[in-house]
Amino acid sequence: MTRIKKNLLKWLGAIVGMIIVLILLDIYLLAIPGPFFPEEKKYGTITVYSEKPIGQDTDSIMSEVFLRLNSVPIYDPDRNYNLCLCSTQKKFNFFAKLTKRANRIMGFYILGSAYINEDFINELGMKTGGQPKYLTREGSIVHVATHELMHGYINNTYGYFAARTLPEWKIEGYCEYGVNQFVAPKDIGYSIPERVDIYLDDFQWNPIAEVHRPHYVWGLMMEYLINVRGLKFEQVMDDNIIDEDIYKEMLDWRKSIRVSI
């Protein structure tokens, strides 16, 4: 082997080694976010990290989060997770960049930690006026926090690697279903048919809101499968449950109810 080839291999090895070190560093920072937040408080098995002082506001958020989680069959009260409340866009950007995600999103879950972009959530809430309800666009930190934590419980129940093979509509749809099951059924004006009508009404969805429309209908499809057809978690995640079929079935069901009324 020539001297040039040996040098090239050394450089290649150094580059590969550096890439591995950077990846491991990213994993470490995302899995152990505590040192980057001045405030920390344990709520059961969920550790909250915050830029702002943790007081009654955070206590109220976590109370609502647990009420919603307790209504979902796959919730495991013994499973430990982190919930990182980023009150500034700068703080959220730091973690988002580690995962190559966009900055102006509401949140994400990775490696046992849920990261919440409070700045963007509040901005959306002001723009949308909280509409449509029962969607991340309503500007609710409780909604987004519960949604992102739900990703962890899905991984825990279904298996981390198996969950990676699930279609996006099932994962995101079940997270949206899980978020709403405590609050929505208690709403006197709430009904699945009404929400289907909202989804189908183009006037409810401006160009900015359109990006969140899929999550809305995916959550509806899960709600239809579980609350109308009575399927369990394992059944809705089965390969035989296909989005095109369920979407058509749900719309046909909505039409049948309209005719009967």
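The values are calculated or read from the model by the stated rules, or taken from the named source; none is laboratory data. These numbers were taken from a predicted model, which means no experiment stands behind them. Virtual Cβ from ideal backbone geometry, glycine too; neighbours counted across all protein chains shown. Areas reflect the complete protein model, heavy atoms only, side chains present, ligands, DNA and RNA absent. Shrake-Rupley method; radii C 1.70, N 1.55, O 1.52, S 1.80 Å.
The table below gives the values:
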read-out	value
Cα gyration tensor category, rounded, prolate or oblate, for the range 65-159 with a/c compared to 1.5	oblate
Residues with amide H under 5 Å from that of Gly107, placed H, sequence gap 5 or more	Asn117
Amide proton proximity set for Ala114, modelled H, under 5 Å, gap of 5+	Asn82, Leu83, Cys84
In sequence order, calculated HN-Hα J values of the range 152-165 (Karplus, 6.51, -1.76, 1.60; Hz; x Gly/Pro)	x, 6, 5, 4, 5, 7, 8, x, 4, 6, 5, 5, 5, 8
In sequence order, calculated HN-Hα J values of the range 202-216 (Karplus, 6.51, -1.76, 1.60; Hz; x Gly/Pro)	4, 5, 7, 10, 6, x, 6, 6, 4, 5, 9, 4, x, 4, 4
Ser87, Ser113, ranked by accessible area, largest first (probe 1.4 Å)	Ser87, Ser113
Alpha-carbon centroids, the range 143-187 and the range 70-120: separation in whole Å	14 Å
The range 28-97 shape via C-alpha gyration tensor axes, a/c threshold 1.5	prolate
The chain: relative contact order in percent, alpha carbon pairs under 8 Å with at least 6 residues between	14 percent
Packing-based ranking, highest mean first, of 72-85, 202-215 given that Cβ atoms within 10 Å are counted	72-85, 202-215
DSSP bridge orientation in the chain - percent antiparallel, rounded to nearest 5	45 percent
Helix-only mean residue ellipticity at 222 nm for the chain, each DSSP H run of n ≥ 4 adding -39500 (n - 2.57), per residue, nearest 500	-17000 deg cm²/dmol
Summed side-chain charge close to Ala162 - residues other than Ala162 whose Cβ falls under 13 Å, Lys, Arg +1, Asp, Glu -1	-1
Nonlocal amide H pairs with Leu231, under 5 Å, H built at 1.01 Å	Ile226
Mean accessible surface per residue for the chain, computed with a 1.4 Å probe while every protein chain stays in place, in Å²	53 Å²
Peptides 176-184, 118-126 ordered by average Cβ neighbours within 10 Å, highest first	176-184, 118-126
Whole-percent carbon and sulfur share, accessible surface of the chain, 1.4 Å	58 percent
Among the listed pairs Lys52/Lys186; Lys41/Lys91; Lys127/Lys186; Lys170/Lys248; Lys97/Lys127, those beyond 24 Å (Cα-Cα)	Lys52/Lys186; Lys127/Lys186; Lys97/Lys127
Neighbourhood net charge (13 Å Cβ-Cβ; Lys/Arg +1, Asp/Glu -1) for Thr58	-4
Surface/4 estimate of mean projected area, convex hull on alpha-carbon atoms of the range 140-233, nm²	6.7 nm²
Phi to ³J(HN,Hα) by Karplus 6.51 cos²θ - 1.76 cosθ + 1.60 over the range 89-102, Hz, x for Gly, Pro	5, 4, 5, 5, 4, 4, 6, 4, 5, 5, 10, 6, 8, 5
